[in-house]
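Following: one structure in structure tokens, then a few remarks.
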Amino acid sequence: MKLGRITGWLDRTLDVAAFDDASNNGLQIARDGDGVEKVAFAVDGSAKSLRDAAKAGAQLLVVHHGISWGGGIKRVTGGEYEVVRAAIEGNVALYAAHLPLDANRRCGNNWELARYLGLKGVKPAFRYRGREIGVTGLNANGKKIGVCSGGAGAMAAEAKELGCDLLVTGEADWGERVAAQNIAMPIVCAGHYETETFGVKALMKLMKKTLGVATTFVALTLSTALFADEERFAGGEEAYEFERFYAGSAAKMVLPQNGGDMRRLGGAGIRAGWYATEMLAFECEGAWMENSAFLGARGLWHWYGYERIDPFFTFGASGWINGDAGPSLGVGTFFHLTGSLSLRFDADATLGIEREPEMAYSLSAGLQYSF
């Protein structure tokens, strides 16, 4: 895949141009050649993360904290030199997204943290440089929780004004903690790095699903006692492993063309499948419909994924044991209730070719569980 296609998708998905940011978001280091077979993700654009990305076979590293801020790099010396050298030696491009990745509703740090915490009624909050980059939401006890990842200890006063009972952030300096205590605003500091792995991993998952490119997460392990347990938070080399198997049941209604031999009014059945990639699955379906067994085998391809709505199209063959059978095409969508349980809706058309060619259209709705 072309590097420009990936960076263009990142620019659009994160709405990079809409943010006034201290970070010079976008492609910060180019590479020799424009082909990309694998994309690595990390919180920080460090020399180590670039070397690890190269070892993993990646040609692009996407990070939350890049190396170009404000007026850009004035001298390529010291640490900046080590980062640039690692990028050139590994021929790995570097892309950074700072505030756009904090604020994004689909895969941003703060929206993902809110989902992880199980907050309901989530709304944008915590204005910074003209944009709301954090969120608020209600926990299971009805308490209002403010969420602003990274170093947002200074947001305590705004959290108080918003009526929050607690502010969750990454870190706060001593003065910010004292200021929060003065206004009786409790703060949980869960780690600057740890709170900003959420958006990076969610963006990685979305890219893999949308573009179909191979991805990997690069954990930053620091040689200090404080981060000795960091791998547990970061999720190791591969942060996201999608669920490969699924099974479900559905009610089915057939609407035949001209009411011919393929006429079947309704029935119910089961299906089971396996994901070869996060976008492509293969499944089998069996149903009992008006004294006849219906069988189908098909592929399922996702073309885009939102937080809950996940459309797809299907291709394969289906028919009845004692009747016509033939190729089929269809479309459908999932409505994800949880990470594993979904409502599924399908509409497809089958061309019966055993006797006279005849179309049959079917609608189905049911539940599907992934594991």
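The values are calculated or read from the model by the stated rules, or taken from the named source; none is laboratory data. What you see is a predicted model, and the numbers here were worked out from it, not measured in a lab. Counting neighbours? That spans all protein chains shown, and the Cβs are built from the backbone with ideal geometry, glycine included.
General observations
- Checking segment 202-221 against the condition returns a match, with at least one residue being of a type in the set (Val, Ile, Thr), surrounded by 23 or more Cβ atoms within 10 Å (Cβ to Cβ), touching a helix residue (DSSP H, G or I) at 6+ places or on another chain (Cβ under 6 Å) and outside the structural domain of GLY121 (by TED's automatic domain parsing).
Residue-by-condition table, conditions (1) charged (D, E, K, R); (2) over 18 Å from GLU196 (Cα atoms):
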| position | (1), (2) |
| --- | --- |
| ILE133 | no, no |
| ALA140 | no, yes |
| SER149 | no, no |
| MET155 | no, no |
| GLU161 | yes, yes |
| VAL168 | no, no |
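- Evaluation of ILE88 against the conditions (1) in contact with a helix residue (DSSP H, G or I) (Cβ under 7 Å, 6 or more places away or on another chain); (2) aliphatic (A, V, I, L, M); (3) surrounded by fewer than 19 Cβ atoms within 10 Å (Cβ to Cβ) shows that the sole unmet condition is (1).
- Those strands (runs of 3 or more DSSP E) lying entirely in segment 26-112 with at least 1 residues closer than 24 Å to LEU206 by Cα, among the aliphatic types (A, V, I, L, M) and touching a Gly at 6+ places or on another chain (Cβ under 7 Å): 60-65, 93-96
- Checked against (1) within 18 Å of ILE133 (Cβ to Cβ); (2) in a loop (DSSP other than H, G, I, E, B), GLY163 passes all but a single condition, namely (1).
- Count of residues meeting criterion [surrounded by 24 or more Cβ atoms within 10 Å (Cβ to Cβ) and at pLDDT below 95] in segment 97-112: 0
- Of all the numbered requirements in (1) without any contact (Cβ under 8 Å) to a residue 12 or more places away in the chain; (2) out of contact with any Phe, Trp or Tyr (no Cβ under 9 Å at 6 or more places or on another chain), VAL92 misses one, and that requirement is (1).
- Any hit, segment 126-137, residues being at pLDDT 95 or above, outside any strand (DSSP E or B) and surrounded by 14 or more Cβ atoms within 10 Å (Cβ to Cβ): no
- Single residue of ALA40, ALA58, ALA30, ALA18 found to be farther than 22 Å from HIS192 by Cα and surrounded by 24 or more Cβ atoms within 10 Å (Cβ to Cβ): ALA58
- The set of residues in segment 138-153 being without any contact (Cβ under 8 Å) to a residue 24 or more places away in the chain and surrounded by 14 or more Cβ atoms within 10 Å (Cβ to Cβ) consists of LEU138, ASN139, LYS144, GLY146.
- Output for segment 95-106, where each listed residue is more than 22 Å from LEU3 (Cβ to Cβ) and in contact with a Phe, Trp or Tyr (Cβ under 8 Å, 6 or more places away or on another chain): LEU99, ALA103, ARG105, ARG106
- All positions within segment 228-286 that are under 18 Å from SER342 (Cβ atoms), surrounded by fewer than 13 Cβ atoms within 10 Å (Cβ to Cβ) and modelled with pLDDT of 75 or more: PHE245, TRP274
- Matching residues, segment 61-77, being among the hydrophobic types (A, V, I, L, M, F, W, C) and surrounded by fewer than 16 Cβ atoms within 10 Å (Cβ to Cβ): TRP69, VAL76
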